[in-house]
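Q: Input: one structure, supplied below.
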Ligand SMILES: Cc1cc2nc3c(=O)[nH]c(=O)nc-3n(C[C@H](O)[C@H](O)[C@H](O)COP(=O)(O)O)c2cc1C
């Protein structure tokens, strides 16, 4: 039977499946439910010192469905937790009292003030939380207060804030990256250079879910108006995988003792396996839990176990990062293909070799032949 347990920054998790910050970790009650169901770790909804500034609206979600009506995309314009900091402090303590062996990670976010970051870290860690995730990535609402992705897209600011945090943190610190930048590696490098033990990626991708074609108003519609929000769920998985792969390459090359938590559209064991194959140590699920409930941990565990059994992998370390070796440059793909063709000494007649060979009559058939099996 494959062993799903992982050790990340010295923390022992029974499996790599972590509740991502958001509604599934929004109070002690649901965090306890996640532990009872068997999740490897829980990251709380993002906490700040002054929740009175956090004012949510309704509706705050919009969904995208595939032609079979299954949900593939999810937009939210939800802010961080609107629950008072003192309540969170009590609940962190209560959860750790009840589940001392389980891993509870506090997601925190503050304004660009050293005293605020030092206070939030010190007060949270007194409760016994096992690690921190710094939310540098919430794309809506909070950037107006220079919080969230407003910090996360500026490597210089990020480096400064991570240094404030790491000067006082006595438990591991992960920095959660925004995908709403051109090169995700730049802010990640800044966080790791400032001694964060790990990075998490990705948070949501800025989006406009759609326009109601009867009312002509954007969705989700609040009193007739809307704002761009954060896109999550299955549709973002390929983008998340690309970014996690790039971060894994950075960690391998320059920070080999640091860790990576992969996030974005994970709903089954195969999805998780892909993130582990491109170098993630753990995987997080947020929207999936909102759609399928906490019991989806069984699907995740069973699926990953089946994948490992199929390949005879006994532990996650046996295959973590295995697929990184197969990413290369386009020039290298061309060179490899030229060599393969020369070796085979046979040109494949039925495949497009040059753009001039595309035909109007056989266009779909020709496109089909160029798709990877
Ligand atoms: C409704 C909702 C609320 C979220 N709230 C937070 C949050 O408070 N802090 C945070 O770091 N990420 C938050 N996220 C982002 C998720 O943790 C995750 O990074 C993102 O949704 C992609 O993963 P997924 O496709 O599994 O949801 C939220 C996501 C959703 C859908």
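The values are calculated or read from the model by the stated rules, or taken from the named source; none is laboratory data. Just so we're clear, the structure is a prediction, and the values are computed from it rather than from any experiment. Virtual Cβ from ideal backbone geometry, glycine too; neighbours counted across all protein chains shown.
Q: Out of 279, 265, which single residue is without any contact (Cβ under 8 Å) to a residue 60 or more places away in the chain, surrounded by 16 or more Cβ atoms within 10 Å (Cβ to Cβ) and away from the ligand (no atom under 15 Å from the Cβ)?
A: Answer to the check: 279.
Q: Here's another thing I want to ask about it. Look at residue 170 and say whether it is assigned to a loop (DSSP other than H, G, I, E, B), touching a residue at least 12 places away in the same chain (Cβ under 8 Å) and assigned by TED's automatic domain parsing to the domain that holds residue 276. So that I can check it myself, show each step before the final result.
A: On the way: assigned to a loop (DSSP other than H, G, I, E, B): yes; touching a residue at least 12 places away in the same chain (Cβ under 8 Å): yes; assigned by TED's automatic domain parsing to the domain that holds residue 276: yes.
Against the criterion (assigned to a loop (DSSP other than H, G, I, E, B), touching a residue at least 12 places away in the same chain (Cβ under 8 Å) and assigned by TED's automatic domain parsing to the domain that holds residue 276), residue 170 qualifies.
Q: I would also like to ask the following. For residue 144, only one of the following conditions fails: (1) in a helix (DSSP H, G or I); (2) over 19 Å from the mean Cα position of the chain (by Cα); (3) closer than 28 Å to residue 129 by Cα. What is its number?
A: The one condition residue 144 does not meet is (3).
Q: Among helices (runs of 4 or more DSSP H) lying entirely in the range 283-373, which contain 1 or more residues that are touching a helix residue (DSSP H, G or I) at 6+ places or on another chain (Cβ under 8 Å) and within 16 Å of the ligand (Cβ to nearest atom)?
A: In the range 283-373, the matching helices (runs of 4 or more DSSP H) lie at 287-292, 296-311.
Q: For the structure I just gave you, tell me whether residue 260 is more than 9 Å from the ligand (Cβ to nearest atom), part of a strand (DSSP E or B), in the same structural domain as residue 66 (by TED's automatic domain parsing) and closer than 16 Å to residue 188 by Cβ. Lay out the reasoning, then the answer.
A: Numbers: more than 9 Å from the ligand (Cβ to nearest atom): yes; part of a strand (DSSP E or B): yes; in the same structural domain as residue 66 (by TED's automatic domain parsing): yes; closer than 16 Å to residue 188 by Cβ: yes.
Yes.
Q: Follow-up question, since we're still on this one. Just need a number here: residues in the range 58-88 that are out of contact with any strand residue (DSSP E or B) (no Cβ under 9 Å at 6 or more places or on another chain), in contact (Cβ under 8 Å) with a residue 24 or more places away in the chain and surrounded by fewer than 17 Cβ atoms within 10 Å (Cβ to Cβ).
A: Matching residues across the range 58-88 total 2.
Q: Another one. Which count do you get for residues in the range 197-239 that are out of contact with any helix residue (DSSP H, G or I) (no Cβ under 8 Å at 6 or more places or on another chain) and under 27 Å from residue 186 (Cβ atoms)?
A: So the answer is 15.
Q: As an exercise: evaluate residue 79 against (1) out of contact with any helix residue (DSSP H, G or I) (no Cβ under 6 Å at 6 or more places or on another chain); (2) over 24 Å from residue 233 (Cβ atoms) and give the number of the one condition it does not meet.
A: (2)
Q: Just checking: which of the strands (runs of 3 or more DSSP E) contained wholly in the range 193-247 hold 2 or more residues that are buried (at least 18 other Cβ atoms within 10 Å of the Cβ), under 13 Å from the mean Cα position of the chain (by Cα) and within 11 Å of the ligand (Cβ to nearest atom)?
A: Numbers: elements: 198-201, 205-207, 229-232.
By residue number, 198-201, 229-232.
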